[in-house]
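Every read-out reported here was derived from the displayed coordinates using simple, explicitly stated rules and does not represent laboratory data. Source: prediction; values computed, not measured. Cβ atoms come from the backbone with ideal geometry, glycine included; neighbour counts cover every protein chain shown.
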Amino acid sequence: MRKVIIAGNWKMYKTQAETQEFLQGFLDTITETADDREIVLCVPFTDLATLSRNLHGTRIQVGAQNVHWEEAGAYTGEISPPMLTELNVRYVVIGHSERRQYFGETDATVNLRLKAAQKHGLTPILCVGETKQQRDAGETEALIQQQLEQALVGVDQQRLVIAYEPIWAIGTGDTCESKEANRIIGLIRSQLTNPNVTIQYGGSVKPGNVDEIMAQPEIDGALVGGASLEPQDFARIVNYQ
Ligand code: 13P
């Protein structure tokens, strides 16, 4: 059985005060959510402690947005696995296209981060996906195959989540057509040694399109940016029908 995981990626949004405000609006909306759906919030590092404290006893899991491969060291601006696990962090987004695009993340560093996360008991959410230019040039399948091949060397597929996030669909309102997302996610699955890995779709998931996306047979969840910042919107997504 593949696990359904709906995760919010807050990116660089929300102070601690805003996090508390979000929770006040959100926690009451998920009391009826089906038990077999995992709900995760991947928040900025400064919000992790607040979230972890306030989520105690709730069913929401805490996630981070990056992790370094060393346990400690002279790596200004980075965060280590033990720093996250100490705060009850369970998931970590790795290789998001914004990290690749703006901060020089490569498939090789993604691979190091994946292995370090798993070594410390964190479940990585590995992001893959193509640019508009690569899609138009017919390179999508080969690019994703390459991203997976390089990122997954030595990675345990029993404790892994993958998110297919076409870059052209992120933050644009231009959602990937659900059948096409389903096709690419099927291709991703065919490349794995464990067919039960949860594979999410990400890119302009909204209250208005989540039902159709989640109805696709290969799609096991969503990685949600903008719409995860509003309690009512994220609640509707988590409670998709
Ligand atoms: P949006 O939902 O804002 O398009 O962002 C998707 C994303 O990048 C999640 O990681």
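Per-structure values
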{"item": "Qualifying positions in segment 105-155 - surrounded by fewer than 16 Cβ atoms within 10 Å (Cβ to Cβ), more than 25 Å from LEU41 (Cα to Cα) and of a type in the set (Val, Ile, Thr)", "result": "VAL153"}
{"item": "Qualifying residue in segment 202-212 (condition: within 14 Å of the ligand (Cβ to nearest atom) and polar (S, T, N, Q))", "result": "yes"}
{"item": "Residue check for ARG53: over 19 Å from the mean Cα position of the chain (by Cα) and charged (D, E, K, R)", "result": "yes"}
{"item": "Scope segment 116-151; condition more than 18 Å from LEU223 (Cβ to Cβ) and outside any helix (DSSP H, G or I); matching residues", "result": "HIS120, GLY121, ALA137, GLY138, GLU139"}
{"item": "Condition check for ALA181: of a type outside the set (Asp, Glu), crowded, with 20+ Cβ neighbours inside 10 Å, more than 11 Å from the ligand (Cβ to nearest atom) and under 24 Å from CYS42 (Cα atoms)", "result": "yes"}
{"item": "Those helices (runs of 4 or more DSSP H) lying entirely in segment 29-104 with at least 1 residues loosely packed, with under 15 Cβ neighbours inside 10 Å and polar (S, T, N, Q)", "result": "45-55, 97-103"}
{"item": "Failed item in (1) among the aromatic types (Phe, Trp, Tyr); (2) in contact (Cβ under 8 Å) with a residue 12 or more places away in the chain; (3) within 16 Å of the ligand (Cβ to nearest atom), with TRP69 passing the rest", "result": "(3)"}
{"item": "Criterion violated by GLY173 - all others in (1) surrounded by 14 or more Cβ atoms within 10 Å (Cβ to Cβ); (2) near the ligand (Cβ under 10 Å from one of its atoms) satisfied", "result": "(1)"}
{"item": "Segment 195-218, residues that are surrounded by 14 or more Cβ atoms within 10 Å (Cβ to Cβ) and among the aliphatic types (A, V, I, L, M)", "result": "VAL197, ILE199, VAL205, VAL210, ILE213, MET214"}
{"item": "Residue among ALA169, ALA116 that alone is over 27 Å from ILE237 (Cβ atoms) and under 19 Å from the mean Cα position of the chain (by Cα)", "result": "ALA116"}
